[in-house]
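A.B. asks: Mind having a look at this structure? Questions to follow.
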Amino acid sequence: MTVHLKTAQHNTPEPQPADRRSPKRDRRHHAIKRPARNREQGEGQPSTSNSSPTFATSNSATQLDGYPIPRRPTRRRPRLVRFFSDFTIEKAFTLISLVGSIALIILCTLDLTTSWPWMRASPLFDWFYLAIGIALFCLTINVFLDQS
């Protein structure tokens, strides 16, 4: 009498060969597929045949034919008001450099054109400080716009 022992067979899959695709191909973006909606008659976009808008029958006063009514745009405060609203030491330095640059530009331009106040002692000095005044004015305006 022979006894046959049944051996347990495992249903494990055999290893698959390595996929040789590049990692970039695995990162492809796929479009999101949305289920199609069945539109009843009268649903969807409002018709353009009506020349005058009609209000929705709901109690909501903010909708017009299913679309929200745009809110009234709010006015922004003027830039100078925003600049002086919370005054800090940085803004004080900005104003001092703005006044200094304007003074340099005015004094050097006056000396080059009318020989006053330095009687054209050094035109090179005047041109050099005029360029510095213009550069300081441009930088100060840029800082002023950032701070307001």
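Bear in mind that the values in this text are calculations on the coordinates, not laboratory data. Small disclaimer: the values here were computed from a predicted structure and weren't measured. Neighbour counts are summed over all protein chains in view; Cβ atoms, including those assigned to glycine, are modelled from backbone coordinates with ideal geometry.
A.B. asks: Output wanted: per-residue J couplings in Hz (rounded whole) for the stretch 118-133, from phi through Karplus 6.51 cos²θ - 1.76 cosθ + 1.60, θ = phi - 60°, x for Gly and Pro.
C.D. replies: 9, 6, 6, 4, 8, x, 5, 4, 4, 5, 5, 6, 5, 5, 5, x
A.B. asks: For residue 67 and residue 113 in the same chain, what is the full-extension length gain: residue separation times 0.36 nm, less their Cα-Cα distance, in nm?
C.D. replies: 10.1 nm
A.B. asks: Going by amide H atoms built from the backbone, whose H comes under 5 Å of the H on residue 148, apart from near neighbours?
C.D. replies: none
A.B. asks: Going by C-beta contacts inside 10 Å, put 129, 67 in order with the fewest on the left.
C.D. replies: Result, fewest neighbours first: 67, 129.
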